[in-house]
Amino acid sequence: MGTGKTTLGEYIASKLSLKYIDLDDYIVNQEQRSIPQIFTDIGETGFRNLEFQYLQQCIEQYDIISTGGGIVEGQNSFDLLKSQANVIWLDCDLNVVYERIKNDSNRPNANNKTFFELKSLYSSRVSRYNEIAFTKLNSNQPLPELYQIIQEMVICE
């Protein structure tokens, strides 16, 4: 979370005229309530079930999907992503991520967490990200450079 998935997804989609969706935004629109409200109403397990349901729909409808960082927490979503060809893991310096998200009330698993707590959350997910990712990119680079790297990877496939 906070690595720039939405920004990069929108950028690539606009450059290539592809259909793009941010999965969290899609969930909020479909459910007509915020992610924190969903967590409050049905808990994280309930949210992960919805996330999987909507991920399935989005894979059928969109070319590029930005997911929340916690998508690897749901086994069904994890398995579905693992079966996809081009899952890109955007990684970023944790100090940068922390500054971006530390006061973001729309992130129930990160809101009001200390740097150490965020680092622990990240550490608990790293092996899952690594298992599903086609490639890992450092998102501390400018958008045009990230776009170029991704274009070269997909073309060379």
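Listed values, structure above:
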item	result
Burial ranking of peptide ranges 84-91, 123-130 (average Cβ count within 10 Å, highest at the top)	84-91, 123-130
Sequence-separation-based contact order of segment 5-150, relative, with Cα cut under 8 Å and 6+ spacing, percent	27 percent
Solvent-accessible area per residue, Å², over the chain with all protein chains present [probe radius 1.4 Å]	54 Å²
Three-way shape label, segment 29-108, alpha-carbon gyration tensor, a/c 1.5	oblate
Check: segment 5-150 dipole with +1 on Lys, Arg Cβ and -1 on Asp, Glu Cβ, in debye	240 debye
Under the span-like rule (Cα at least 24 Å along the axis, Kyte-Doolittle mean at least -1.0), DSSP H helices of the chain	35-61, 115-132
Shape call, segment 5-150: gyration tensor on alpha carbons, a/c limit 1.5	rounded
Positive-end extreme of charge dipole, segment 5-150 - chosen from THR7, ILE71, VAL97 (charges on Cβ)	VAL97
For the chain: lysine pairs under 25 Å (alpha-carbon distance), excluding those fewer than 8 apart on one chain	16
Neighbourhood charge, 14 Å Cβ-Cβ cut-off, centred on LYS19 and excluding it, Lys, Arg +1 and Asp, Glu -1	-4
Percent carbon-and-sulfur accessible area, the chain, ignoring ligands, DNA and RNA, probe 1.4 Å	47 percent
ASN29 paired with GLN141, simple spin-label distance in nm, labels 7 Å along Cα-to-beta-carbon	3.0 nm
Percentage relative contact order, segment 12-62, counting C-alpha pairs under 8 Å, at least six apart	44 percent
For LEU90, residues with placed amide H under 5 Å, excluding near neighbours	LEU137
Whether segment 1-61 is rounded, prolate or oblate, judged on the alpha carbon gyration tensor where a/c under 1.5 counts as rounded	prolate
Helical mean residue ellipticity (222 nm; -39500 (n - 2.57) per DSSP H run of 4+; nearest 500) of the chain	-19500 deg cm²/dmol
15 Å beta-carbon shell around GLU73, net charge (K/R +1, D/E -1)	0
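The values are calculated or read from the model by the stated rules, or taken from the named source; none is laboratory data. Owing to the predicted nature of the structure, the values given are computational and were not obtained by experimental measurement. Because the Cβ atoms are built from the backbone with ideal geometry, glycine has one as well, and the counts that use them run over all protein chains shown. Just so you know, the surface numbers come from the protein's heavy atoms only, side chains and all, with ligands and any DNA or RNA stripped out. Shrake-Rupley method; radii C 1.70, N 1.55, O 1.52, S 1.80 Å.
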